[in-house]
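> The structure under discussion is supplied below as structure tokens; questions concerning it will follow.
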Amino acid sequence: MDIIEIEIKHSLEEEGCPVCRLIEKFEKEEIETILYEHPNDPEVRKSFQKSLGLCPRHAWKTLRLALSNPLLGPHGISVIYKDVLMWYLRGGQATEECLLCKLSSEKEEILLESFSERFSSFIDLYENSPSILCRRHYEDLLSRINDEKLKEKLARIQRRKLEGLFKRLESFVQSFDYRSERKPNEKEKRALTETIEFFAGREIGPECREKRREKRWLLKLR
Ligand SMILES: [Zn+2]
Ligand SMILES: [Zn+2]
């Protein structure tokens, strides 16, 4: 078993989308590496200059992470943004997309590729795991699998998982009824976040993928 298989296996042990979860972990590690080791790295500096800092999602994520980790703090990110501001004052413009969006999309591609290639060996694990692929990753994965039987099996499993989620969310809603004497259990309490995660995915990658796809397409046309 290689590293990526071990990673995928681990991610299947928890609730929520396993692909999103792995990308989230990757983004966190990338942010930490940049802030720990590279605030003065010329390559990183150039990359931040060319996109005038990070996109809104990644900029705030990076700041939150830096401030919540006493080992990081605001120093590294201040050094980076001081440089971006200086560049902007000298007339620099944004010509590239955010560094983290770029890295995150690359990671996503690698993960989906390896996930789909080995899906036959993961499908039983997925079936019995508490995880639920988010809508976007589910559809993407489905489109990459060539084996029709495997596709059907995945669709069946996904539907069963979502029906289970619906029941839990329904019980959770019912527990708010003043006539209800029952308190929701932990699984029911989690149903709301799991449902949002199914539709929206986790807070990772480019904020607006449609626009990004469109932009890519337009760039190709030029
Ligand atoms: Zn996902
Ligand atoms: Zn970004």
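> Using a 1.4 angstrom probe with every protein chain in place, what is the largest-first accessible-area order of 119, 176, 26?
176, 26, 119
> Thinking of region 104-204 as a set of Cα atoms, what percent of all their pairs are more than 18 Å apart?
Pairs farther apart than 18 Å: 54 percent.
> ³J(HN,Hα) across region 55-64 via Karplus (A = 6.51, B = -1.76, C = 1.60, θ = phi - 60°), whole Hz, x for Gly/Pro?
5, x, 4, 6, 5, 5, 4, 5, 5, 4
> How large are Rg and Dmax for the chain when only the alpha carbon atoms are used, in Å?
20.6, 66
> Please report the spacing between the Cα centers of region 6-54 and region 178-210 in Å, no decimals.
24
> For region 89-149, report the convex hull volume of the alpha-carbon atoms normalised per residue, in Å³, without decimals.
Taking only Cα atoms, region 89-149 has a hull volume of 117 Å³ per residue.
> Another one. Net charge near residue 200: determine it from the other residues with C-beta under 10 Å of the C-beta of residue 200, scoring Lys and Arg +1 and Asp and Glu -1.
That sum, taken over residues with Cβ under 10 Å, equals +1.
> Carbon and sulfur: what percent of region 3-211's accessible surface (1.4 Å probe)?
56
> Now for a different question. Quick check for you: with a 1.4 Å probe and neighbouring chains kept, what is the accessible area per residue of the chain, in Å²?
63
> Taking θ as phi - 60°, what are the ³J(HN,Hα) couplings along region 108-116 by the Karplus curve (6.51, -1.76, 1.60), each to the nearest whole Hz, with x for Gly and Pro?
4, 4, 4, 5, 5, 5, 6, 4, 6
> Taking amide H positions as placed 1.01 Å from N in the peptide plane, with prolines and chain starts having none, which residues 5 or more places from residue 16, or on another chain, fall under 5 Å of its amide H?
The list, which skips near neighbours in sequence, is 132.
> So, one more: Taking Cα pairs under 8 Å and at least six residues apart, what relative contact order does the chain come out at, in percent?
Value for the chain: 29 percent.
> I'd like to know which of 196, 133, 178 lies farthest towards the positive end of the charge dipole of the chain, counting +1 on Cβ of Lys and Arg and -1 on Cβ of Asp and Glu.
178
> Calculate one ³J(HN,Hα) per residue across region 14-31 by plugging θ = phi - 60° into the Karplus curve 6.51 cos²θ - 1.76 cosθ + 1.60, and present them in order as whole Hz with x for glycine and proline.
Per residue, the Karplus-derived 3J(HN,Hα) values read 10, 6, x, 7, x, 6, 3, 4, 5, 5, 4, 4, 4, 4, 4, 5, 5, 4 Hz.
> At a temperature of 4 °C and a viscosity of 1.567 mPa s, determine how fast region 30-78 diffuses translationally according to Stokes-Einstein, using the Kirkwood radius over alpha-carbon pairs as Rh; express D in µm²/s, rounded to the nearest whole number.
Rounded, D is 119 µm²/s.
> Another question, if that's okay. Which is farthest toward the positive dipole end of the chain among 58, 89, 75, measuring Cα position about the Cα centre, with Cβ charges +1 (Lys, Arg) and -1 (Asp, Glu)?
Of 58, 89, 75, it is 89.
> Too long at a 19 Å Cα-Cα cut-off: which of 9/107; 25/61; 161/187; 161/189; 149/187?
Where the Cα-Cα span goes over 19 Å, the pairs concerned are 149/187.
The values are calculated or read from the model by the stated rules, or taken from the named source; none is laboratory data. Because the structure is predicted, anything quoted here is derived from the model rather than measured. For neighbour counting, all protein chains shown are included, and Cβ atoms are generated from backbone atoms with ideal geometry for every residue, glycine included. To get the accessible areas, we keep the full protein, side chains included, count just its heavy atoms, and leave off ligands, DNA and RNA. Shrake-Rupley method; radii C 1.70, N 1.55, O 1.52, S 1.80 Å.
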